[in-house]
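Input: a single structure, listed below in structure tokens.
The values are calculated or read from the model by the stated rules, or taken from the named source; none is laboratory data. All of these numbers come straight from a predicted model, not from anything done at the bench. Here the Cβ positions follow ideal geometry from the backbone for every residue, glycine too, while neighbour counts run over all protein chains shown. All accessible areas refer to the heavy atoms of the entire protein, side chains included, with ligands and DNA or RNA removed. Shrake-Rupley method; radii C 1.70, N 1.55, O 1.52, S 1.80 Å.
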Amino acid sequence: MRKLFFSESACRETKLHSAPHSWLLLERGNLSKSSGHASGGTSIESLMKMPEPAVLPHFKPADYVDILAQIHEELESCPPDEKSCLYLLQFQVFRGLGEAKLSRRSLQSAWEKASTIHEKLIFGAWLKYEKKGEEAISDLLSSCGKCSQEFRLLDFVSQVSTGAHDMSYDEESDEFRGSAVVHFRIRDDMIACDRRKLAALSTPLYAMLNGGFRESYLEVIDMSRNGISPIGMRAISKFSLSGRLPYLSADAILEMLDFANKFCCKGLKDACERKLASFVSSRQDAIDFMECALELGCSILAASCLQVLLNELPECLNDEQVVRIFSSANKQQRLTMVGNASFSLYCLLSEVSMSTNPTSDVTLSFLEKLVESASDSRQKQLALHQLACTRFLRKDYAEAELLFSAAFSAGHLYSVVGLARLTSLRGNKHFALKLLDSVMSSRWPLGWMYQERALYLDGDSKLENLNKATELDPTLTYPYMFRAASLMKRQSVEAALMEINRILGFKLVLECLELRFCCYLALEDYRAALCDVQAILTLAPDYRMIGGRVAAKQLRRLVLENVEQSTTADCWMQLYDRWSSVDDIGSLSVIYQMLESDTSKGVLYFRQSLLLLRLNCPEAAMRSLQLAREHAASDHERLVYEGWILYDTGHCEEGLQKAEASIAIQRSFEAFFLKAYALADSSLDPSTSATVVSLLEDALRCPSDRLRKGQALNNLGSVYVDCGKLDLAAECYINALKIGHTRAHQGLARVHFLRNNRTGAYDEMTKLIEKARNNASAYEKRSEYCDRELTKADLQMVTKLDPLRVYPYRYRAAVLMDNHKEKEAIEELTKAIAFKADLNLLHLRAAFHEHIGDISSALRDCRAALSVDPNHQEMLELHHRVNSQEP
């Protein structure tokens, strides 16, 4: 096997295509020795230089539980027009915690609770932007006779009440001095109007036609210099008589609108706005009419234009005219455009622009508007911090410092990170440490505080702080990567691999996969390196490595030259082996390779989606499902994938419809499996079990490979267990194991346990632990089948392998509570709550607080938990009970 060595031209994409071997020299030898060559080479260890963790542009309150509780309490008592803003704040809290599902749900709530048309269209556009790429779901729902509401344009013109704008007067008592008919001369045209009716359009017109002005006595009034055409004036005359606008061109209505604005004709202005709103159908229409709407203060027209522009996010922000509208709008124009929803609008625009280019002038201008629009302390914390982050990235350090300081003073503790970085850039690491120490001394320290502190330390002190950061928040990526890179530099490649595998065991991070890729190169394990780069490309097809300088696809091609090629049959065997050993990343890699040549792409993309769901990558999984749909070899196969798309997005009934439609065309394993799966999940009726059994049996009679049949047998076993048919369940699990479905050990263990054979259950789970590459869940399950000491050991192993699994913390806390160690029990839960917003953890801690009489803390945890799941019945009951005890 030949050796990989990176030289400077690795960073020049232009040279890769012409002469890749100029930078990827393949030779034997020790990679680390190449770092001594000053002339050209860059060794693998130098490629692993760790950049500092980013200063995150998120709302990150020091105590998110407290903020969530405050928001929930305010939502219980606030007027309806304040709810959307509170849900937006809740969205920002969950976004800062990295809780994508919860933040999406908060955004949905903001849309549902919107009290104004402006909020409705802003949050609807935001949801559409968040669901970019999911438009196919809307189409699929339409094919089932159901609409996805947030993707629809609002017909809000009809929803805005007109009110009574025209003047009222007593026709008997009001005497008009002039003739009943007044003529308006516009150049060579004369337009006859009813003096009374026209005067009734506004106070200024009334004064002109029946006041002390000369026009009150004239029968002919010259209007040639008032910007109105004969067509427009005739239409105004007709409107004064009927209250309706005739059909006219947009230009004519714009003339009338200008007339209405000059003479304060509110009814006419409203009618013109509504008519013009119906003309807004394209981006250019929206741009043209928006300028008029902002100049004349036409809120209905402005909202119609805004909806069209927001509906085209993010593409419309590439249009300078659109950007100018949003970035140059003053306070009054913002009021016309979005009413009181200015903060929500610029939150959305900033979010979209930051995701595209966080340092652009566009992002900067939107964030400046966000700061201007912030009205309360929490909004100011978010706006100031985000603007500070952009200034920091743009190297506008003086402005960034002022903004970070303002955000910090307003109460956003996390902004101290920005202040510390800026202090360090000036060469004063000691003061940066003092800043962090002052924050850490005033409260319970968090993982990010130790991570940040480590940046300004060296040697053992640095590692001690990084280790403490991992202890307090094991989800932080930087400490693992730094430790792994440090071990690589000391030639401890195996130890570096173990370190980076710690986080990859429970959190799939592209940067960590890239680092492991480099470790495998150093070990000359090119097959393993290929596995990781193919997993990276599955998750992010356009990913760039080595600081963004080289496309991952290019590196894959070059590494592939050093790996023996596999046939399709070899790949299927590898997939069986990796799937059976619960090696999800390895399975992803094999499927990626098979997709290059295998014709059954629909099937492979579907398998890919299953793996990505297991790896907690729902967006990538949905992308793979949609690719499966596109590459389906037949209509009945396509319907199955459409069914899974609908099921995975919460549309179970529509997913069932697709399964039935597929079966009607052709009986297939996947169609029966989908129908069984969706039916089992959607129905609580015990009689459904028989139907599910029948469907799974039908599936097993259809052709399929052993990977899927093993899953069907496993599911069938679970149904039999729920029905108390243990012998049939055991038979299913044993048959599944015979064809390599390793997870069936867990089902068989359950059967042993229900037969009062705890030893057999324990042994069965031990077999799963020995076979499975990712086995944290197996340790957790085995803990149920042993004595307390072994249970504690197994759950300790679970926390080590996957600190995001919450059951071990709850178990340990319950044991401590049983032993009357209330303080320690609450601390055990608090340790996990600090980095994971979990309903069960908050629920248990609330119960513990209630038990010891700390009602205020119990109520706080109840409210935070209900922010995570507003409909959890047990939580609602506990909240009601605790709330009644509050003094």
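Label-to-label distance, K429 versus E471, with points set 7 angstrom from Cα along the beta-carbon direction: 2.2 nm.
Among 139-146, 486-493, what's the highest-first ranking by average C-beta atoms within 10 angstrom per residue?
Details: 139-146: 14.8, 486-493: 17.6.
Averaged packing, sorted descending, gives the order 486-493, 139-146.
Once the chain from S409 to S143 is taken as fully extended at 0.36 nm per residue, the excess over their C-alpha distance is 90.4 nm. Across segment 442-451, computed HN-Hα scalar couplings (Karplus, 6.51 cos²θ - 1.76 cosθ + 1.60, θ = phi - 60°) run 8, 7, 5, x, 10, x, 5, 5, 5, 4 Hz from first to last residue, x flagging Gly and Pro.
For the residue pairs K262/K369; K395/K800; K132/K468; K101/K489; K128/K462, alpha carbon separations beyond 32 Å are given by K395/K800; K132/K468; K101/K489; K128/K462.
The calculated FRET efficiency for the pair I852 and S492, based on their C-beta separation and a Förster distance of 60 Å, comes to about 0.80.
For K238, a cut-off of 12 angstrom between C-alpha atoms picks up these aspartates and glutamates, skipping any fewer than 8 places away in its own chain: D194.
Computed from backbone phi with θ = phi - 60° and the Karplus coefficients 6.51, -1.76 and 1.60, the 3J(HN,Hα) list for segment 279-291 is 7, 7, 10, 9, 4, 5, 4, 4, 5, 5, 6, 5, 4 Hz; x is used for glycine and proline. Whole-Hz Karplus values for segment 838-853 come out as 10, 4, 5, 5, 5, 4, 5, 5, 4, 5, 5, 4, 4, 4, 8, x Hz, taken residue by residue from phi with 6.51 cos²θ - 1.76 cosθ + 1.60 and θ = phi - 60°; glycine and proline positions read x.
Could the peptides 386-392, 460-466 be put in order, highest first, of the mean number of other beta-carbon atoms found within 10 Å of their residues?
Details: 386-392: 26.0, 460-466: 16.0.
Listed from highest to lowest mean packing, they are 386-392, 460-466.
Where does the chain land at 222 nm, in deg cm²/dmol rounded to the nearest 500, when only DSSP H runs of n ≥ 4 count, each adding -39500 (n - 2.57), divided by all residues?
Values: 48 runs with 578 residues, N = 887.
Helix-only estimate at 222 nm: -20000 deg cm²/dmol.
Here segment 250-282 and segment 345-420 have alpha carbon centers that stand 38 Å from each other.
Expected output is a single nm value to one decimal: the length gained when fully extending between S683 and E74, i.e. 0.36 nm times separation in residues minus the C-alpha distance. What is it? Display every interim value, and only then the final one.
Working: separation 609, 0.36 × 609 = 219.24 nm, distance 3.57 nm.
Gain in length upon complete extension: 215.7 nm.
With the gyration tensor restricted to C-alpha atoms of segment 619-763, the semi-axes of the equivalent ellipsoid amount to 29, 16, 14 Å, longest first. Estimated from the Cβ-Cβ distance and a Förster radius of 60 angstrom, the FRET efficiency linking T759 and E320 is about 0.25. Per residue, the convex hull around the alpha carbon atoms of segment 803-885 comes to 81 Å³. Distance distribution P(r), segment 476-564, all Cα-Cα pairs, bin width 10 angstrom from 0: 18, 51, 29, 1 percent.
If you line up the long axis of helix 635-648 against the longest principal axis of the chain, both from Cα atoms, how many degrees apart are they, to the nearest 10? Between the helix axis and the principal axis of the chain, the angle is about 80 degrees. Taking amide H as placed 1.01 Å from N in the peptide plane, the amide H of M545 sits under 5 Å from that of V550, A551, A552, each at least 5 places away or on another chain. Volume of the convex hull of segment 309-426 (Cα atoms only), normalised per residue: 96 Å³.
The relative contact order of segment 803-885 comes to 22 percent, based on Cα pairs under 8 Å that sit 6 or more residues apart.
Mind checking which aspartates and glutamates have their Cα closer than 16 Å to the Cα of K771? Skip sequence neighbours fewer than 8 apart in that chain. Filter leaves D577, D583, D584, D763, E780. Shape descriptor for the chain: Rg over Rh equals 1.04 (Cα atoms; Rh from the Kirkwood inverse mean 1/r). For I221, the residues whose amide H sits under 5 Å from its own are H183, F184, R185, ignoring neighbours fewer than 5 places away on the same chain, with H placed 1.01 Å from N.
Please work out whether segment 517-626 counts as rounded, prolate or oblate from its C-alpha gyration tensor, where a ≥ b ≥ c are the square roots of the eigenvalues and a/c under 1.5 means rounded, while otherwise a/b larger than b/c means prolate and anything else oblate? The partial results should precede the final answer.
Working: a/c = 1.60, a/b = 1.22, b/c = 1.31.
The shape class here is oblate.
May I ask for the net charge around T423, where only other residues with Cβ less than 12 Å from the Cβ of T423 are counted and Lys, Arg are +1 while Asp, Glu are -1?
Values: positive: R421, R426, K429, K434; negative: E401, E452.
Value of the local net charge: +2.
Largest to smallest in accessible area, the residues I852, I137 fall in the order I852, I137 (1.4 Å probe, all protein chains included). Taking amide H atoms as placed 1.01 Å from N in the peptide plane, the amide H of K836 has no partner under 5 Å among residues 5 or more positions away or on other chains. What is segment 566-633 by shape, rounded, prolate or oblate, if you read a ≥ b ≥ c off the alpha carbon gyration tensor as root eigenvalues and call it rounded for a/c under 1.5, prolate for a/b larger than b/c, and oblate otherwise? Oblate.
For a straight C-alpha distance cut-off of 12 angstrom, the aspartates and glutamates reachable from K331 (same-chain residues fewer than eight places away being disregarded) are E372. Accessible surface calculations at 1.4 Å, restricted to protein heavy atoms, place segment 476-564 at 35 Å² per residue. Applying a DSSP loop filter and a limit of 11 other Cβ atoms within 10 Å to the trypsin sites (Lys or Arg not before Pro) in segment 57-142 leaves K132. Among beta bridges identified by DSSP and lying wholly in the chain, the antiparallel ones come to about 80 percent. Surface composition of the chain: carbon and sulfur atoms hold 49% of the protein heavy-atom accessible area at a 1.4 Å probe. Take segment 329-466 with all the other protein chains still there, run a 1.4 Å probe, and you get 41 Å² of accessible area per residue. Modelled label positions at W444 and A136, each set 7 Å beyond Cα in the direction of Cβ, lie 4.4 nm from each other.
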